[in-house]
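Have a look at the structure below, then the notes.
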Amino acid sequence: MERAEAYGFSGAMSAAFLLSCLLFAAVSRRQRGPYMDEVFHVPQAQAYCQGRFLQWDPMITTLPGLYLLSVGLVKPAAWLLGWTGRVVCSVGMLRFINLLFSAGNFYLLYLLLFKIHQKNKAVSGFQRILSALTLAVFPTLYFFAFLYYTDPGSVFFTLFSYLMCLYGNHKTSALLGFCGFMFRQTNIVWTVFCAGNVIAEKLNEAWKTELQKKKDEKISSRKGSFSDLTRILQFLVQYLMSPKNLVTLTALTWPYIVLVSLFFVFIFINGGIVVGDRSSHEACLHFPQLFYFLSFTVFFSFPHLLTPTKIRKFLLSLRKHPVQYGLITVISLFLIWKFTYVHKYLLADNRHYTFYVWRKVFQRHELVKYLLVPFYIFAGWSFIDTLKSKSIFWILMYFVCLLAVTVPQKLLEFRYFILPFLIYRLNVPFLSLYRQLLELAFYILVNAVTLYIFLNRTFQWENSDEVQRFMW
């Protein structure tokens, strides 16, 4: 990092943290007590603060990573600063931990962008700082920096694990992956992703050697054609059938294999992935979640995905391959018809934006969910097109992880999309400076609107005196 870039990054991070502290103070003044899921998280953390480690709220569905880390941070700080009484593990103190995680995420995002795009000499230090700032204030994640939720810590340890993986520190990466798993069990998928990164790199090296042998360079330049995909899959099967290759890959990824093995032991002992209340978190094959994720990604990455050039290229591709797109349309319609699920929380809880998205869009008419298929197909094509700089093996590995982390979820919840979105955005090419500024401005606007609504547009339910607030 050059000195000017280091100063620029320090300034941007300091300014962002100062602004976040001011917003944090505003949120804490307006909402002093626990709100929404904090009703479960805060008392559990406070019980741990008081040494009651055997106490557990059965409504909590995640492992105790957040509470253990909170005690590990707050207790030493209280001892050093002489805090006593209510201030120790108060709601405000616990929330502040997520503000620290938010700052840590900013730093990790910058380091990841630097590492992933280090070969692109055309990218300036200012662009890296701007992109890191944009992702650090990604609305669905940034909002929870002001509440005591698992999301900021979950993202922090997962991004840290990914960074260590890219630098080849796989034992450290697996250990950080375990920390992420302790915040949210589904983060085990991103441990598999880190292992997949290593495997994809080896596969890509072997594939390039294969191409050189056959002197058939045109294969690599036509990733999208069906025949090339078939040849790649054949190569993949042959490579993985070799005992020598399997031994090599195992030697490289054994820390991740150990962690995934421990995950399966946990599943066996626990009787499932969810701890606590399982009635509202049953796994199912909810394939339309992939379509919702693609729509979510288009909305938050429209400078990347929704451009006139992209639309023209898509229409040209549609004209060239009508049979393939026809088949994709039929499959999409079938998946929506047979595998659409509506969680009871989605219909009942009018404090979340997903409630209004579902009511205003999908509940307007039974046919709406089918009429959106052309948009889903465009979103999927544009999404893949932005990843064309990555190897085909990386793309396959990412999509396997994306399916694993989204499809089993019955509830449509934007928070479930945070990590797959960030991994995607970190790996797409940099935009022009104008489009980067447009994306940042859009995120700032969304944050301003959602925080304003949360703080000022309160309401009450008929059967309750408690103040209710709108949130992600």
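The values are calculated or read from the model by the stated rules, or taken from the named source; none is laboratory data. Keep in mind that what you see is a predicted model, and the values were worked out from it rather than measured. Note that each Cβ is placed from the backbone with ideal geometry, even for glycine, and that neighbours are counted across all protein chains shown. Just the protein is used for accessible areas: all its heavy atoms, side chains included, with ligands, DNA and RNA removed. Shrake-Rupley method; radii C 1.70, N 1.55, O 1.52, S 1.80 Å.
Details
- Residue in the stretch 96-104 that is modelled with pLDDT under 90, of a type outside the set (Val, Ile, Thr) and open to solvent by less than 20 Å² (accessible area, probe 1.4 Å) present: no
For (1) of a type in the set (D, E, K, R); (2) at pLDDT 95 or above; (3) open to solvent by less than 30 Å² (accessible area, probe 1.4 Å); (4) not in a helix (DSSP H, G or I), each residue gets a yes or a no:
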{"position": "LEU262", "(1), (2), (3), (4)": "no, yes, no, no"}
{"position": "VAL275", "(1), (2), (3), (4)": "no, no, yes, yes"}
{"position": "ALA283", "(1), (2), (3), (4)": "no, no, no, yes"}
{"position": "LEU294", "(1), (2), (3), (4)": "no, yes, yes, no"}
{"position": "ILE311", "(1), (2), (3), (4)": "no, no, no, no"}
{"position": "TYR341", "(1), (2), (3), (4)": "no, no, no, yes"}
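- Taken together, the residues in the stretch 449-460 that are open to solvent by 60 Å² or more (accessible area, probe 1.4 Å) and not charged (D, E, K, R) amount to 5.
Every residue, every condition in (1) at pLDDT below 90; (2) of a type in the set (Lys, Arg), yes or no:
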{"position": "TYR345", "(1), (2)": "yes, no"}
{"position": "LYS360", "(1), (2)": "no, yes"}
{"position": "VAL368", "(1), (2)": "no, no"}
{"position": "PHE378", "(1), (2)": "no, no"}
{"position": "SER382", "(1), (2)": "no, no"}
{"position": "ILE395", "(1), (2)": "no, no"}
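- The requirement of being part of a helix (DSSP H, G or I), in contact with a helix residue (DSSP H, G or I) (Cβ under 9 Å, 6 or more places away or on another chain), closer than 30 Å to PHE459 by Cα and open to solvent by 60 Å² or more (accessible area, probe 1.4 Å) is satisfied by LEU347.
- When residues of the stretch 169-178 are limited to those that are open to solvent by less than 40 Å² (accessible area, probe 1.4 Å) and of a type outside the set (A, V, I, L, M), the one nearest to the chain's Cα centre (by Cα): GLY177
For (1) under 19 Å from PHE101 (Cα atoms); (2) open to solvent by less than 30 Å² (accessible area, probe 1.4 Å), each residue gets a yes or a no:
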residue: GLN31; (1), (2): no, yes
residue: HIS41; (1), (2): yes, yes
residue: TYR48; (1), (2): no, yes
residue: GLY51; (1), (2): no, no
residue: LEU68; (1), (2): yes, no
residue: LEU73; (1), (2): yes, no
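- Candidates LEU419, LEU372, LEU437, LEU403 - the one that is open to solvent by 30 Å² or more (accessible area, probe 1.4 Å), touching a residue at least 60 places away in the same chain (Cβ under 8 Å) and within 15 Å of the chain's Cα centre (by Cα): LEU403
- Taken together, SER301, SER279 contain a single residue that is among the hydroxyl-bearing types (Ser, Thr, Tyr) and open to solvent by less than 30 Å² (accessible area, probe 1.4 Å), which is SER301.
- Some residue of the stretch 56-74 being out of contact with any strand residue (DSSP E or B) (no Cβ under 6 Å at 6 or more places or on another chain), among the hydrophobic types (A, V, I, L, M, F, W, C), within 17 Å of ALA145 (Cα to Cα) and outside any helix (DSSP H, G or I): no
- Within the stretch 218-248, considering residues that are open to solvent by 70 Å² or more (accessible area, probe 1.4 Å) and within 30 Å of the chain's Cα centre (by Cα), the one modelled with the highest pLDDT: LEU246
- Answer from ILE116, ILE60, ILE97 - the residue that is within 22 Å of ALA16 (Cα to Cα) and β-branched (Val, Ile, Thr): ILE97
- For the stretch 1-29, a residue qualifies if it is loosely packed, with under 12 Cβ neighbours inside 10 Å, part of a loop (DSSP other than H, G, I, E, B) and not acidic (Asp, Glu), but none of them does.
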